[in-house]
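Written out below as structure tokens is the structure these notes cover.
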Amino acid sequence: MRHLALGVAAMAVTGSASVFAEEGQEGGSELDADATRVIDKVVTIGTLAEADANSALPLEVLSGAELANRRQGGLGETLAGLPGIHLDNFGGGASRPVIRGQTIPRIEILSDGANLYDVSSVAPDHAITAEPLLLDGIEVLRGSAAARYGGNALNGAINLIDGKIPKHLPENGLEGGAEARFGTGDEEAAAAGRATLGLGQFALHVEGFRRASENYAVPDGFGSDKLKDSFSEGDGYSVGGSWITSKGYIGAAYSRLDSEYGLPGHSHKNAVCHTHGTDLHCAAHGGYGDPFGSSDDHTAKINLRADRIDVRADYADVLPGVQHARVRLSYTDYQHDEIDGPFIFTAYSNEVYDGRVELTHKPVSGFVGTFGVQYTEGEFTGINVNDLHEEFPENGWGFDGPSYHQTENVGIFLSEARAFGAVDLEFAIRKDWREIDVTVPPFRMQLTPEIEALYAPFFVVIYGENWKEVLEANSIETFKKRNPTSKHDPLSASIGATWNLDSDYSIALSLAHSERAPNIRELYAYGNNLATNSYEVGLTQSRRASSSFPESATDVLEKTDSLNLTFRKTQGPTQFEVGAFYMDVEDYIFARLIETDDETGSPHNYLLYVTADAKFSGIDGQISHQISQESRLTVFGDYVHTDMTSEDDELPRIPPARLGVRYELDKGPIFAEVEFIHTFDQDRIASYETETDSYNLVNGTVTYRLDPDAEKSTEFFLRGTNLFDELAYVHTSFVKSQSPLRGRNLVLGVRTSF
């Protein structure tokens, strides 16, 4: 990271840095010292930096020129390479960040402090609905933030800072920026722009982007020069406005995102796979057939649309005794179709209403704290469906259409902090009540008169004259038993202390108990997941699959006790932030391998969601040294070790150790950086994984600013990744062997702000 000072986040949040990050480019410790002082001015904003800057948890801030240069099509690709952060890639369209060995749903993605609702937690081929080109900054909190943001933040939280709802009036009545870029490795063509107009106390904002890229180039040795179905394209826009006073603001925005991207490694051959108890069988027979029955040579892709409405407000001194009030309301309407050649074989949707209110009280006996309430109501559908392209059979009866998972969640939380001399103490607690109900799909009985006449005498004897109603009632009762309501009430709490040794050094310790309720896939999966080449059985479905499997369960809670130790030095020519962590997890939810079948020529895994006790430990961080006023050297790395204490197996997709070095030169109009990252091999693997070889990546950036001394400027940039074109496989990916990292890629672009 170019700036370890937490104040960089504060500048990004208050809007003093544009989305295209012209500021924060000047090197030197003087800038870092100034940036650190800014954080005291933004206590009303309520970002991760404000809430957790003095905690034991390492907080990384990606903003300014560093964010501008690292942007790629997905959030995972953009953040990959930062200490403690790897990626779970799925070609060019979907990539999820992995923090300290875990990805979604054990990390929470936030949009300006409000939860981001899509379906990326359900499967790795589902994209996170965030466009890096339109972000002002990204804050990454490593370590459990569950006591503030819920159980899904037990491994960390990522806050996406945007400007779609203005928080300040633009200088001179108008400000904005634009960027255009072209990439050689995938023929990427992208452009984005934004503008904010001030009209008295009102500020109006508009922004948009367009991106298109072809299949990306892969190095020699993979077997082809392009990765099939790794293309991606998308566009989006946002329109928002706010009313701004000296005490705060209130505003709203509407955002729209459309995307289409390919699914490398996808195969529908295994759609024929089914189970006979504990046996996985991937061949058609009897009533088990291939729902596609066509070639597997065509393209598989996702068409995605997401609409979102946000209402945000931050105000100071609105009530007696209340220092700050904060409101985050959102409505999300997410849909995507999964298309295989001519077929739409499944469709996902997620409609969510969410509200979060926080009140920060004025100091009481030296303590300053925040009480909050969050309410979420959502309706989701999509899992266990692979046959939307098939019409309801003639002379058949049964359910026609998907079921909907309706979720209601209420959460309350409290955090308090106080300084005792050189020691900053803080604690937080959160309690949630969540309930998931599964709706019954429509029941149809489509019989020709001839077939009905044939069956009627038989069914009348068994069920009586109203045999149709009895068959429907029995089917509905069976469905409800197989898809029971699940209720969870997780409780998370944390306490931390930071010892400020002097103005430069600090040591911080955090202890947390976090509880996470299983997500919808972990609970209700029952069928083929073609994206991960697996047949999955959820916690509530185990006895439905086989009487020899563990009892079906709805009351499982993943309970984690964690310890984080952080060392920081934020002043002077040498700065560092290094974090060590330990996590002891009871009832860790994971997919246990039952069997692998490769009868179709493409291996398919039979996976059963179960619980086991697990431990995580590791270290991550970076050390930087300001060699001169113009140059800086940074060494960074991370390591995660896992152990399943109650299973004779390893946890899957755990990232290997990594070590890197980066040199930066910032002189006059020129900024240049080169980095070398060595990723070690991974030989601690789960039973259905293969070992992953080590690899080296060399990346570099050169930027030329037309007016380096101006606050607003225009710059040209050239960013190169994997410059030596090394074939690299990502162990954290579900499609590791089918989807290597990009080969050599050069991105040339221009950005400006006004």
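The values are calculated or read from the model by the stated rules, or taken from the named source; none is laboratory data. The structure displayed is predicted, hence computed values, not measured ones. Glycine also receives a Cβ, built like all others from the backbone with ideal geometry; neighbour counts cover every protein chain displayed. The accessibility values were calculated without ligands, DNA or RNA, using every heavy atom of the protein model including side chains. Shrake-Rupley method; radii C 1.70, N 1.55, O 1.52, S 1.80 Å.
Residue-wise test of (1) more than 30 Å from Arg744 (Cα to Cα); (2) open to solvent by less than 70 Å² (accessible area, probe 1.4 Å).
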site	(1), (2)
Leu227	no, yes
Tyr237	yes, no
Gly241	yes, yes
Ser255	yes, yes
Asn270	yes, yes
Cys273	yes, yes
If we keep only residues of the range 323-339 that are of a type in the set (Val, Ile, Thr) and at pLDDT 95 or above, then the residue most open to solvent (accessible area, probe 1.4 Å) is Val327
- Query: Does Glu358 meet the test of being in contact with a strand residue (DSSP E or B) (Cβ under 6 Å, 6 or more places away or on another chain), in a strand (DSSP E or B), more than 30 Å from Gly240 (Cα to Cα) and open to solvent by less than 60 Å² (accessible area, probe 1.4 Å)?
  - Reply: no
Condition set assigned to a loop (DSSP other than H, G, I, E, B) and within 34 Å of the chain's Cα centre (by Cα), scope the range 270-287, selection farthest from Glu536 (Cα to Cα): answer is Cys282
Check your understanding: Among the residues of the range 487-496, is any surrounded by fewer than 15 Cβ atoms within 10 Å (Cβ to Cβ) and under 30 Å from Phe380 (Cβ atoms)?
Key -> yes
Of the conditions (1) of a type in the set (Ser, Thr, Tyr); (2) under 26 Å from Gly151 (Cβ atoms); (3) open to solvent by 10 Å² or more (accessible area, probe 1.4 Å); (4) part of a strand (DSSP E or B), the single one that Thr532 does not satisfy is (4)
Flagged in the range 673-685 as hydrophobic (A, V, I, L, M, F, W, C) and either without any contact (Cβ under 8 Å) to a residue 12 or more places away in the chain or surrounded by fewer than 18 Cβ atoms within 10 Å (Cβ to Cβ) (or both), in numbering order, are Val674, Phe676, Phe680, Ile685
In the range 463-475, anything assigned to a helix (DSSP H, G or I), farther than 18 Å from Phe392 by Cα and open to solvent by less than 90 Å² (accessible area, probe 1.4 Å) is listed as Tyr463, Trp467, Val470, Ala473, Asn474
Note: among Glu66, Glu77, just one is open to solvent by 10 Å² or more (accessible area, probe 1.4 Å), outside any loop (DSSP other than H, G, I, E, B), modelled with pLDDT of 90 or more and over 23 Å from Ile250 (Cα atoms), namely Glu77
How many residues of the range 421-462 are β-branched (Val, Ile, Thr), more than 30 Å from Asn564 (Cβ to Cβ) and open to solvent by 40 Å² or more (accessible area, probe 1.4 Å)? The answer is 5
Flagged in the range 732-751 as assigned to a strand (DSSP E or B) and open to solvent by 60 Å² or more (accessible area, probe 1.4 Å), in numbering order, are Leu746, Leu748
Among strands (runs of 3 or more DSSP E) entirely inside the range 543-641, those with 1 or more residues being open to solvent by less than 20 Å² (accessible area, probe 1.4 Å), aromatic (Phe, Trp, Tyr) and touching a residue at least 12 places away in the same chain (Cβ under 8 Å) are 574-597, 604-626
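Conditions (1) within 28 Å of Gly93 (Cβ to Cβ); (2) of a type in the set (A, V, I, L, M, F, W, C), marked per residue:
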{"position": "Pro132", "(1), (2)": "yes, no"}
{"position": "Leu141", "(1), (2)": "yes, yes"}
{"position": "Gly156", "(1), (2)": "yes, no"}
{"position": "Lys167", "(1), (2)": "no, no"}
Scanning the range 646-672 for residues that are under 17 Å from Gly618 (Cβ atoms) and in contact with a strand residue (DSSP E or B) (Cβ under 6 Å, 6 or more places away or on another chain), the one most open to solvent (accessible area, probe 1.4 Å) turns out to be Leu659
